[in-house]
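What follows is a single structure, written as C-alpha cells, with notes after it.
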Amino acid sequence: MGLAGALTANPPGLMAIHHNPAGLYQAREGLVYHQGLHSLIMNRKNRFSPDPSFEVLNLKSSLDPVANRESGSGKTCMYYPFYSDAYGELLVLPLPVGTTFRPPKSRWIMAIGSYMPFFQGIQFSPDDASQYQTQQYYQQHFVYAGPSIAYQWSHSLSMGLSIGFGQTAWGQNRRLRILNDRFAKSQFLPPVPDVGLFDGLADMKLELRDNMALSFNLGFLWKPMKNLTLGCVYRSSISTNPKGDLDIHFSDDFMALTQYCRDNPYFSRQLDSSGLEKIQQQHTSNTVKLDQLDWPDSIQLGARYKVSNNIQVMFDIQWTRWSCQDSYRLVLNDIDNPLIILLDSLGQSSDQIITYSNNMKDTYSYHLGLEWQLKESFKFRNGISYHPQSVANSHMSLMHLPDITYIGTGFEWRWPNRWVLEQSFGYFVSKNQQIKNSKQLNYWDPDSSFFAPYSGQFVSSKVSGYSFSLSIQIPFVNRVGPR
C-alpha cells in the first residue's frame, strides 16, 4: 500500500502470493509468521437535484423527498467472513495472515496465507437519501486458504504459483421504491390508501454466499540487468454462484393497497396493476441465487529499477477484465415470490429472473512507487496509482466507484532480532461525478423502473477515504535467506 500497488517486480513478503508468487524466492530460510492489520475508512457523498423536465401525472421531481438533499458521509460496510451473518462497519481487519517456509539452501519456497483481494462496501443511516440503493451494501471475496509454491531457477529467474480457496459474499439492504405511474394513480381515487409516486414500498434485504470458489495466480520474475527487474503475474477469474435469502417487508400503506384490491377486484384493473391482490403477506423470506457472478481475471506487468544503491523506482500497469461482470442474473426460486408478483403487476415481468445489466468495461490501472533505503534497517516508501471507473456512465449507480486516485506512504523497519515491521497510510479520492440518465440509477423508463429508484433526480457523487495497515514478520529461526 505504501508503494500504491507497484509490486509486480518487487513482491512483498507473504502477500507475494497475490501480487506475484514468484517473489516468494526472497523469503528467508526457515519458518516465518506474517500478521497484518488493516483499517479502511471510506466516505461517499451523494447529492440529489431535481430534473426540471421530469413530470409524471402532474407530479414534478421537486416534490420527491430526496430532492435537494445531500447524503451523510456514509461508512465502510463489510461482511465478517464465516462469522454467522454479521456485517457492518469495518474497524480493524486482521489480514493478511499466514506463513512462509524455505528449507535450508533450497530453491523451493512454500507459503500459505489468507487475504481479501476484492472488497467494496458502504452503508448509510436508515433515513438517509441514499437508502433506496445503498442503505447497506457490500461485495467481497475472501481467500481463506492460499497455498503457494515458488522455485528459483537461477539468480535471475524465478516463478511461482498460488491456489486460492475463497468465499464470495454479496449483500444489499435497501428501501425499495419503484417510480411508476400505476401506483401513483391511487392518490387520485379516494378513499383508496395513498401510495405516492415517490414512496418507499418495502424494506428489502439480500444476503448471498458462495463458500467454495477457486482461483490461481501465476507469476514470473526476471532480472535481465543488474539494476533492472521485470515481473509479470496473471490472476485468474473467479467463478462463483452465490446463494442465499431475499427478505421483503412491505409498508403498511402498500399492504392496505393490496387489501383494497382484494376487497374490490375491479380496482387493480383501474390501476392497470393486475395481480397486486396476490401479495398477502407483509413479510416474506425466499431463497435466491446469483447466476453467475464472476470476479475478473487480470494481468499485471511491472518493472523495478535501482537508481542507486539505496533508491529504487517501480512502475506497474494492470489490465483487468471487468467486462466479465457485464451482467448477472438474480434467480428467484419460488414462483410465488412477492417481488415477482410486484414486477408482474407493473408490467416488468421477470419470469423469476431479474437481470442486472452493468455495461462494464475492461480497465488499465497505473502504479508508480519509490523506495528509499535510509539505512540497512529502515526503508521509506511512497506511491501513487490511478484506477479508472469500470462501468459506463450510462449504467453508473451508487454501488459503483468512479475514477479513483490513490496516494500512499509507509516504511519498513528491520529489528536486530530479524523481526520486520511494516506500516503504510493511504488516501484515495475521486472527482465529484455528475450522473444523469443512468439506467441503474435515475433514468426514467416505466418498463424498468425497478433499477432506477432516483428517476427525476440528477445525482452527484464523490468518494474519498483513508487506509491504514500494519504488518509484522516473525521468524522462528534467525537464519536469513537470500534477498
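Mind putting a number on the dipole of segment 254-348 about its Cα centre? Charges go on the C-beta only, +1 for Lys and Arg and -1 for Asp and Glu, and I need it in Debye to the nearest 20.
Using Cβ point charges on Lys, Arg, Asp and Glu, segment 254-348 gives about 400 debye.
Between residue 41 and residue 241, the contour length at 0.36 nm per residue exceeds the alpha carbon distance by 69.1 nm.
In debye to the nearest 20, how big a dipole does segment 358-458 give about its Cα centre with +1 on each Lys and Arg Cβ and -1 on each Asp and Glu Cβ?
Details: 9 positive and 8 negative charges, 57 e Å.
Once rounded to the nearest 20, the dipole reads 280 debye.
Across all Cα pairs in segment 22-94, the calculated P(r) in 10 Å bins from zero up to the longest distance comes to 14, 22, 19, 21, 11, 7, 5, 1 percent per bin.
Please state, as a whole number in µm²/s, the translational diffusion coefficient that the Stokes-Einstein equation yields for segment 94-191 at 25 °C and 0.890 mPa s, with Rh defined as the Kirkwood radius across alpha carbon pairs. Can you show the working numbers first?
Values: Rh = 18.0 Å.
Value of D from the Cα-based Kirkwood radius: 136 µm²/s.
Once both labels are positioned 7 Å from their Cα atoms along Cα-to-Cβ, the gap between residue 283 and residue 120 label points is 3.2 nm.
About its Cα centre, how strong a charge dipole does the chain have in debye, to the nearest 20, once Lys and Arg get +1 and Asp and Glu get -1 at the Cβ?
Working: 41 positive and 39 negative charges, 574 e Å.
The calculation lands at about 2760 debye.
Using 0.36 nm per residue of separation minus the Cα-Cα distance, give me the extension gain between residue 362 and residue 97 in nm, one decimal. Numbers along the way, then the final one.
Values: separation 265, 0.36 × 265 = 95.40 nm, distance 3.05 nm.
So the chain would gain 92.4 nm between residue 362 and residue 97.
Projecting the Cα atoms of 383, 429, 246 onto the charge dipole of the chain, computed from C-beta unit charges around the Cα centre, puts 383 farthest toward the positive end. What's log10 of I(q)/I(0) for segment 58-117 at q = 0.27 Å⁻¹, Debye sum over Cα points only, no solvent? Relative scattering, expressed as log10 I(q)/I(0), comes to -1.15. For the chain, the longest principal axis of the C-alpha atoms and the axis of helix 252-263 are separated by about 40°.
Modelled this way, with points 7 Å down the Cα-to-C-beta line, the labels at residue 70 and residue 31 are 5.5 nm from one another.
Could you work out Rg/(2.2 N^0.38 Å) for segment 216-294, with Rg from alpha carbons only?
Values: Rg = 27.5 Å, N = 79, 2.2 N^0.38 = 11.6 Å.
Here the Cα radius of gyration is 2.37 times the empirical estimate.
With N as its number of residues, segment 296-345 has a Cα radius of gyration that, divided by 2.2 N^0.38 Å, comes to 2.47.
Of the residues 365, 337, 119, the one whose Cα sits farthest towards the positive end of the charge dipole of the chain is 365 (charges of +1 on Lys and Arg Cβ, -1 on Asp and Glu Cβ, taken about the Cα centre). One chain, two ends: residue 227 and residue 308. Fully extended at 0.36 nm per residue, the span grows by 28.3 nm beyond their Cα-Cα distance.
What number, in percent, do you get for the relative contact order of the chain if the mean sequence gap of Cα pairs under 8 Å and at least 6 apart is divided by its residue count? Show your work: numbers first, answer last.
On the way: 1425 pairs, mean separation 89.0, N = 483.
For the chain, the relative contact order is 18 percent.
Based on the Cβ-Cβ distance of residue 317 and residue 106, what FRET efficiency does E = 1/(1 + (r/R0)^6) give at R0 = 30 Å, to the nearest 0.05? Computed FRET efficiency for residue 317 and residue 106 comes out at 0.35. With neighbours defined as other Cβ atoms within 10 Å of a residue's Cβ, the residues 355, 405, 99 order from fewest to most as 355, 405, 99. With the charge dipole of the chain set up from +1 on Lys and Arg Cβ and -1 on Asp and Glu Cβ about the Cα centre, the Cα lying farthest toward the positive end among the listed residues 196, 470, 139 is that of 470. Extending 7 Å from Cα along the Cβ direction at residue 292 and again at residue 214 yields two label points whose distance is 1.3 nm. For the chain, the alpha carbon positions stretch 85, 40, 33 Å along the principal axes, listed from largest to smallest. 3J(HN,Hα) along segment 94-108: x, 9, x, 8, x, 9, 10, 9, 10, x, x, 6, 9, 8, 9 Hz, from the Karplus curve 6.51 cos²θ - 1.76 cosθ + 1.60 with θ = phi - 60°, whole Hz, x for Gly and Pro.
Between residue 165 and residue 266, what FRET efficiency follows from the Cβ-Cβ distance if R0 is 60 Å, with the result rounded to 0.05?
On the way: r = 58 Å, r/R0 = 0.96.
My answer for the efficiency is 0.55.
Counting only aspartates and glutamates at least 8 places from residue 75 when in the same chain, those with an alpha carbon closer than 16 Å to its own are 89, 127, 128.
Pairs from the table (289/361; 278/439; 205/361; 361/439; 361/436; 223/361) lying more than 26 angstrom apart at Cα are 278/439; 205/361; 223/361.
Annotation: lysines with alpha-carbon distance below 17 angstrom to residue 379 (same-chain offsets under eight excluded): 306.
Under 20 Å of direct C-alpha separation, and excluding same-chain neighbours fewer than eight residues apart, residue 375 reaches these aspartates and glutamates: 412, 422. Working from the Cα coordinates of segment 31-72, the gyration tensor eigenvalues give, after taking √(5λ), semi-axes of 47, 10, 7 Å in decreasing order.
Remark: segment 217-227, residue by residue, has Karplus-estimated 3J(HN,Hα) of 10, 10, x, 9, 10, 9, 10, x, 9, 4, 9 Hz, where x stands for each Gly or Pro and the curve is 6.51 cos²θ - 1.76 cosθ + 1.60 at θ = phi - 60°.
Here, each number is a calculation from the coordinates, and none is a lab measurement. Computed from a predicted structure; not experimentally measured. All Cβ positions, glycine included, derive from the backbone under ideal geometry; neighbour counts span all protein chains shown.
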